[in-house]
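These notes are about the structure you will find just below.
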Amino acid sequence: MPIETQDWLLFIAHYGLVLVLLGAFFEGETIIVLAGILCHQGALPLEWTIITAALGAFMGDQTGFHLGRRYGTNLLSRFQRFAQQADKVQPWLTSKSDWLAFGCRFIYGTRVVTPVLLAVHGYPAGRFALINLFSAALWAIAGVSAGYLIGTGAEKLLGRIAHIEQLLLAVLLVMLGFWWWRHRKFQHDSVLRK
């Protein structure tokens, strides 16, 4: 029994913002660009999608910061990937910590480890929250807007795409599967190293 486009739209209308929140909390860029495309298609409300993406990104980085405060160096030593990313960020921690707090979500490979490192080095929690709030808002506006513009451009080039929602959901499911596989692989690798 094939799934109709209306079924996907109904699913997205009911759960789309929750998926955006979770996607921005854990992954980020790809999810919010896809959400912007869905906003262009009318499946998600643009303003609420931006707010939800900003909230998810803010909560994700705040969680990382507070985990860094609590578990700090244990997290860095336990996960090899964190240690490799920490090497990229380390030189900036003392001289450009405010810029690092603001820009970490825009620099590939530093979003997850930077809040942890800032917390470990005693960066003020209130200051991080304020900078993180502005950074998350700018990031959400830019990412969702980029997706919206991609949807506009695709529509102009290809005409109205009737089944874009199915394609986007398939891409999302593949990405979630890849993320799960990668997460399990890194967990397995860290257990083997011990």
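Could you sort Ser95, Ser145, Ser135 by accessible area so the largest value comes first, with the probe set to 1.4 Å? All intermediate terms of the calculation are to be shown ahead of the outcome.
Details: Ser95 85, Ser145 45, Ser135 0 Å².
If we order Ser95, Ser145, Ser135 from most to least accessible, we get Ser95, Ser145, Ser135.
Can you give the FRET efficiency for Met175 and Leu67, using 1/(1 + (r/R0)^6), R0 = 25 Å, r = Cβ-Cβ distance, to the nearest 0.05?
Calculated value: 0.60.
Amide H to amide H under 5 Å from Leu44: which residues, 5+ apart in sequence or cross-chain, H placed 1.01 Å off N in plane?
Cys39
The values are calculated or read from the model by the stated rules, or taken from the named source; none is laboratory data. Quick caveat, the model's predicted, so the values are computed rather than measured. Methodologically, a virtual Cβ is constructed for each residue, glycine included, from the backbone with ideal geometry; neighbour enumeration extends over all protein chains shown. Ligands, DNA and RNA are stripped out before the accessible areas are found, and what is left, the full protein with its side chains, is counted by its heavy atoms. Shrake-Rupley method; radii C 1.70, N 1.55, O 1.52, S 1.80 Å.
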